[in-house]
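Enquirer: Before we start, here is the structure in question, set down as structure tokens.
The values are calculated or read from the model by the stated rules, or taken from the named source; none is laboratory data. Values in this document were obtained by computation on a predicted structure and should not be read as measured data. Counting neighbours? That spans all protein chains shown, and the Cβs are built from the backbone with ideal geometry, glycine included.
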Amino acid sequence: MFSNYKLIFSSYEVHLLKTFCVKLNDLFRESTTIQDISYKSKNVKKIKKTVLSSPHVNKKAREQFETKIHSRTIQYTTSQINDEKFLIILNTILNKSPSNIHLKVEVTSKF
């Protein structure tokens with residue numbers, strides 16, 4: 001039986017996210033628990049907001065603001081025997097990750 005772990009990291013700062021994912025990949029490749037690793041970069045999600053410059057008149061006077069959310073997906077496959085080791089490593093990652101990187105974990109099992 002194998003388990004697939006999909007780790008989805010997202011952040012506003014692309015350079016911080018890239019360096020964190022590279023360090024994470026190195027950490028998992030050193031461990032013997034991982035059987036397969038796939039790394040994927042997702043599209044950048046853009047959020048645009050428009051604000052009126054003057055409160056009463058001049059509807060044409062507007063300011064636009066844009067935020068970008070960068071995300072990376074790393075998928076790992078482990079055997080059931082090594083799941084405990086993987087979860088210990090994952091717990092250390094959660095404790096050491098920067099505060100502006102958000103993590104979402106999806107787990108699927110194969111028989």
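Enquirer: Suppose we filter the range 53-98 for residues that are within 23 Å of the chain's Cα centre (by Cα), farther than 18 Å from ASP26 by Cα and modelled with pLDDT of 80 or more; how many remain?
Expert: Total satisfying the criteria: 6.
Enquirer: Residue pairs, Cβ under 9 Å, 6 or more apart or interchain, first in the range 62-78 and within 16 Å of ASN43 (Cβ to Cβ), second modelled with pLDDT of 90 or more and of a type in the set (A, V, I, L, M). List them.
Expert: GLU66/ILE47; THR67/ILE47; LYS68/ILE47; ILE69/ILE47
Enquirer: Determine whether the range 29-47 contains at least one residue that is at pLDDT 80 or above, assigned to a helix (DSSP H, G or I) and touching a His at 6+ places or on another chain (Cβ under 6 Å).
Expert: no
Enquirer: A further question follows. Among the numbered criteria (1) closer than 14 Å to LEU17 by Cα; (2) hydroxyl-bearing (Ser, Thr, Tyr); (3) loosely packed, with under 10 Cβ neighbours inside 10 Å, which single criterion is violated by THR50?
Expert: THR50 satisfies all of (1) closer than 14 Å to LEU17 by Cα; (2) hydroxyl-bearing (Ser, Thr, Tyr); (3) loosely packed, with under 10 Cβ neighbours inside 10 Å except (1).
Enquirer: Shifting gears a bit: Select, from GLU63, GLU13, the only residue that is surrounded by 10 or more Cβ atoms within 10 Å (Cβ to Cβ), over 23 Å from GLU84 (Cα atoms) and among the acidic types (Asp, Glu).
Expert: Working: GLU63 fails: surrounded by 10 or more Cβ atoms within 10 Å (Cβ to Cβ).
Going through GLU63, GLU13 in turn, the sole match is GLU13.
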